[in-house]
Structure formats: structure tokens, C-alpha cells
Amino acid sequence: MKKIAIIFVFAFLPLTLNASVNVSDNFTFSPGGYWGNSTDAVIELPAGFNLQGGISISSSGGSRSLSYSLGGGKDLFFKKISLNALYNAGRSSGHVSDGGELTFSIRPFMGLSTFVDIQLEAGYSFTGYMDAGRTELLPCHSWKIGAGLGVLQTTNLAIAYTSYIYSLSLPHEYALQDIQSRIIATQNIKLAGALALVSGFPGSTIDVSVSHMLLDNLNLYVSYSWIQYQLNNNVSNSYLAGADYSLLENISLGFAYNLFQDPTPSISHYFSLGTNIGF
């Protein structure tokens, strides 16, 4: 038995030595009483494989929620093509959610040109929203398409559209109203390091972002998100601006400000502090 254990350790030792790890942590708070912390880790393995995981906890109005994800991916053709799969889960006092996410991205000019880099992305996810008793209330299918453009390895532009489709056994409007009255479906949308609260069921979202690397160690970015809700077609708007500063080659600190306007209409302000470490 000891011999088998020793062989097992030595067989995976080169894999461990060749792996690189990237860990990021973001703490977000709002004067309105919201706070949240999210930690994400990516382990780059040989042969283009990676492992991904994350955990997030937040509190708003005395109600806490927990979410986590776990999965992995594979890069092909010198990282020109990437495939990723994630399991996502959410837990709170009022509801739980479980689902999976598949994404595919392609960068046809990566490594071929220092002037332009184009990225195309497509993704599918399924989420089942349930009450605390784990009775399935609302299955949701979402489809995402996006595109990105990098110029001179310093400026990046990105746009993405996501559509949410709900599988309902009851009449459309009645079913959503009934579900929303029994559980609080709070989405934590992560936008470039900051968290914005979205209460309700989104029908579609559009995300646009621009980032620019300044002086090789300061990354500035802005983003805008348009969120339309499924139940009543109301719209929320999210505006975000932030910066990441590299202290060392593998350590960076970040700050972001998020202004979120919900359909009430009311405006909320969120501030995010983050750090990123690679080793």
C-alpha cells in the first residue's frame, strides 16, 4: 500500500511543479448596507488544461447568500481556442440554485499579430431556481454571444448579449409573479471586479466594456450593462469604472466604483477593493 502511494505522488509531482496559480479577491460594499466578498482561483496545468473555482458571500438587508463554482477548461491550438465548463450553486435563507455553464471562445489572430487581437465567444448555461425545500420552481436557460477587440496589446473593447429563457408550466405572467413572491431571486452580476445587485429575473442583458493599459502597470477600464427584466420589461442600468495597479510582476491591487440604477427608479453606489496574486 505504501509503494502505491509513493508511485502516485511521484507520478503527479511534475504536474504540480509545472502548474501556475492565480488567486483574486474582491470586497464590495455599499452605503446602503450591502457587502460582499468573492474569491476566485485558476490553476494552469500542463497541456493547456486548467482548474477553476470560486466562492462568494454577500449580505443585504440582513439576508445573507452564498454562491460557489467549480470547473475546468482546455486550451487548443496554442490558446487560440478555449473550452470551459463550470458548475454553479447559490444558497440563501429563501432559495437555492444549481446549474452548469459551458463557454467556447476563439482568438484566430493570437500570436500572429501584435496590432490586433479578435476574440469571439459563445456560451450556454442552465440554472434551476428552487425554494428552501428544494422544490424546483423555475428552470432557466441562457445563451450568450460576445466579441472582443484588442489593439496594440494595450486597448481592449468587448460587447456581449445574453438572453434568458424560462421554462414555465403555468401561464407566463402568473408563474413569474408567483415565484417572485415566494423566493428572492437575487443575481450577483460580477462586472470587472465589482458586484451589482439585480433583484428579479432578467430577460436579456447587454454588456459593453473598454480597458486601456497605461505605463505598463496601470489598467483603466469602464463598463456599462443594460438589464431588462422578464416579468415587466423594466430596465436597469449599471455604470462601472475602475483601475488595477501592478505592484510587482505577479501582484496587483484594484479599485472600482459601480453606479446602479434600478427601475424604481433609485440609484445605488458600490465600491470594490481587490487584489490579484499569481505564483
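Each row is one residue, and each column tells you yes or no for (1) modelled with pLDDT under 85; (2) exposed (fewer than 15 other Cβ atoms within 10 Å of the Cβ); (3) charged (D, E, K, R); (4) in contact with a helix residue (DSSP H, G or I) (Cβ under 9 Å, 6 or more places away or on another chain).
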position: A11; (1), (2), (3), (4): yes, yes, no, no
position: D40; (1), (2), (3), (4): no, no, yes, no
position: E44; (1), (2), (3), (4): no, no, yes, no
position: A47; (1), (2), (3), (4): no, yes, no, no
position: R64; (1), (2), (3), (4): yes, yes, yes, no
position: I81; (1), (2), (3), (4): no, no, no, no
position: N88; (1), (2), (3), (4): no, no, no, no
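Tell me, please, whether a residue that is small (G, A, S), in contact (Cβ under 8 Å) with a residue 12 or more places away in the chain and within 30 Å of L215 (Cα to Cα) can be found in segment 98-110.
So far as segment 98-110 goes, yes, one or more of its residues are small (G, A, S), in contact (Cβ under 8 Å) with a residue 12 or more places away in the chain and within 30 Å of L215 (Cα to Cα).
Take the residues in segment 90-111 that are of a type in the set (A, V, I, L, M, F, W, C) and not in a loop (DSSP other than H, G, I, E, B), then tell me which one is surrounded by the most Cβ atoms within 10 Å (Cβ to Cβ).
V96
For segment 23-32, state whether one or more residues are under 22 Å from G146 (Cβ atoms), surrounded by 15 or more Cβ atoms within 10 Å (Cβ to Cβ) and out of contact with any His (no Cβ under 9 Å at 6 or more places or on another chain).
Among the residues of segment 23-32, at least one is under 22 Å from G146 (Cβ atoms), surrounded by 15 or more Cβ atoms within 10 Å (Cβ to Cβ) and out of contact with any His (no Cβ under 9 Å at 6 or more places or on another chain), which makes the answer yes.
Determine whether K79 is of a type in the set (D, E, K, R), under 20 Å from N50 (Cα atoms) and not in a strand (DSSP E or B).
yes
The values are calculated or read from the model by the stated rules, or taken from the named source; none is laboratory data. Since the structure is predicted, the reported quantities are computational estimates derived from the model, not experimental observations. Reconstructed Cβ throughout: ideal geometry from the backbone, glycine too, with neighbour counts over all protein chains shown.
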